[in-house]
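**Student:** Have a look at this one before I ask anything.
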Amino acid sequence: MDQIAYVNGSFVPMSEAKVSILDRGFLFADGIYEVAAVLDGKLIDNASHLARLERSVGEISLALPETTGRIQEIQKELIALNNLVNGMVYLEVTRGADTGRDFAFPKGVKPTLVMFTSVKDIINAASAKTGIGVITVPDIRWTRRDIKSVALLAQVLAKQAAAEAGAGEAWMIEDGKVTEGGSSSAFILTQDDVIVTRQNSSAILPGCTRKAVVALAEERQLRVEERPFTVAEALAAKEAFITSATVFVQAVVSIDGKTVANGKPGPMTDRLREIYVEFAKASAV
Ligand code: PDD
């Protein structure tokens, strides 16, 4: 059966879900997106995603066409219409479709809001048990990576290179340090048991899962240091892992073909994953 999508106020079959070729998301990547996980038909950490959505649209002076309260209702309606149990809801808001292709903001144009769902069993994903390999690529993105913009070509190329190398993610490198993954935040556990992840700044996206994992670790008196790290440090680490709404916490067992520790997910990664899943279920709406 055709999936149902949401387009500007209507729920429509995916095959009929369309926006104009003049939409500024299509022409200029003039738009913002969010991805929230769904477990047992409920949205995970959605308040955090909606807060980041509000911040991202604010940074590009784009007014949301609906309140975040209404957006959450639409997300939930879509989950129900698609009978989605486990997976994610994608949402995108763009500056809308003008009558031509002017770079400057158009006047009197309503933003475009679209959403769709996809199925994924995040909890039982095979890679959660085995971990993934990552490759490293230069970080060639713009300097406002804190904005969750739909301009993702650098990440598309990075993740294609990873796929061609048989890796599950690409870690992007700038000034000799890891910024983040193509679509995830990057972490290591040092030999003296410090969880290290780069501090938030315009160099990375402030990951919602990263934020929750850091807070959950600190609540449990685990040592967390927010600073950049090198690939050499990651290769010398006890463990490495990534976080995102679509994988939660996932072990990184090799980098550019060299194994991290014994090449298996480590106990801290497994523990943080369990703690995160518990938090996710408790925060579900
Ligand atoms: N990506 N860094 C980047 C560059 C990302 O694209 C993402 C998320 C993250 C992790 O953020 P969060 O924990 O809030 O999901 C970090 C989403 C999942 C995507 O593009 O599909």
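The values are calculated or read from the model by the stated rules, or taken from the named source; none is laboratory data. Every value quoted in this text rests on a predicted model; they were computed, and no experiment measured them. Cβ sites come from the backbone with ideal geometry, for glycine too, and all protein chains shown count toward neighbours. Surface areas here come from the heavy atoms of the whole protein model, side chains and all, with no ligands, DNA or RNA. Shrake-Rupley method; radii C 1.70, N 1.55, O 1.52, S 1.80 Å.
**Student:** Relative to the first principal axis of the alpha-carbon coordinates of the chain, what is the inclination of helix 68-81, with its axis defined by its Cα atoms, in degrees from 0 to 90 and to the nearest 10?
**Tutor:** For 68-81 against the chain, the angle is about 90 degrees.
**Student:** Provide the per residue accessible area, probe 1.4 Å, for the stretch 191-285, rounded to a whole number of square angstrom. Intermediate results must be reported in sequence, preceding the final value.
**Tutor:** Values: 4130 Å² over 95 residues.
Here the per-residue accessible area is 43 Å².
**Student:** Which trypsin sites (Lys or Arg not before Pro) in the stretch 1-108 sit in a loop by DSSP (not H, G, I, E or B) and have at most 12 other Cβ atoms within 10 Å of their own Cβ? Walk me through the numbers before you get to the answer.
**Tutor:** On the way: sites: Lys18, Arg24, Lys42, Arg52, Arg55, Arg70, Lys76, Arg95, Arg101, Lys107; in loops: Lys18, Arg95, Arg101, Lys107.
Here the sparse-neighbourhood loop sites are Lys18, Arg101, Lys107.
**Student:** Okay, next question. Accessible area of Trp171, 1.4 Å probe, to the nearest 10 Å²?
**Tutor:** Solvent-accessible area, nearest 10 Å²: 0 Å².
**Student:** Using DSSP, restrict attention to beta bridges with both residues in the stretch 126-283 and report what percent are antiparallel, rounded to the nearest 5. All intermediate terms of the calculation are to be shown ahead of the outcome.
**Tutor:** Numbers: 18 of 30 bridges.
Rounded to the nearest five, the antiparallel share is 60 percent.
**Student:** Could you work out what % of the accessible surface of the stretch 1-58 is carbon and sulfur, using a 1.4 angstrom probe and leaving DNA, RNA and ligands out of the count? Don't jump to the answer; show the numbers that get you there.
**Tutor:** Numbers: 1510 of 2620 Å².
Looking at the stretch 1-58 in its full context, I get 58 percent from C and S.
**Student:** Shifting gears a bit: How large is the charge dipole for the chain, taken about the Cα centre, if only the Cβ atoms of Lys, Arg (+1) and Asp, Glu (-1) carry charge, to the nearest 20 debye?
**Tutor:** Numbers: 31 positive and 35 negative charges, 24 e Å.
In total the dipole reaches around 120 debye.
**Student:** Further question on the same structure: How would you classify the stretch 119-244 from its alpha-carbon gyration tensor, with a ≥ b ≥ c the square roots of the eigenvalues: rounded for a/c under 1.5, else prolate if a/b is greater than b/c, otherwise oblate? Don't jump to the answer; show the numbers that get you there.
**Tutor:** Values: a/c = 1.36, a/b = 1.20, b/c = 1.13.
Cα axes put the stretch 119-244 in the rounded bin.
**Student:** Which of Thr143, Thr209, Ile132 sits closest to the plus end of the dipole of the chain, meaning its Cα is farthest towards the positive end, when Lys and Arg get +1 and Asp and Glu get -1 on the C-beta?
**Tutor:** The Cα lying farthest towards the positive end belongs to Thr143.
**Student:** How much of the accessible area of the stretch 126-283, probe 1.4 Å, is carbon plus sulfur, in whole percent?
**Tutor:** On the way: 3740 of 6800 Å².
C and S fraction of accessible area: 55 percent.
**Student:** Turning to a different aspect of this structure: Pairs to check: Lys120/Lys211; Lys148/Lys258; Lys42/Lys120; Lys120/Lys177; Lys148/Lys177. Give those whose C-alpha atoms are more than 25 Å from each other in this structure. Spell out each step's value before the answer.
**Tutor:** On the way: Lys120/Lys211 22 Å; Lys148/Lys258 31 Å; Lys42/Lys120 13 Å; Lys120/Lys177 31 Å; Lys148/Lys177 21 Å.
In this structure, Lys148/Lys258; Lys120/Lys177 exceed 25 Å between Cα atoms.
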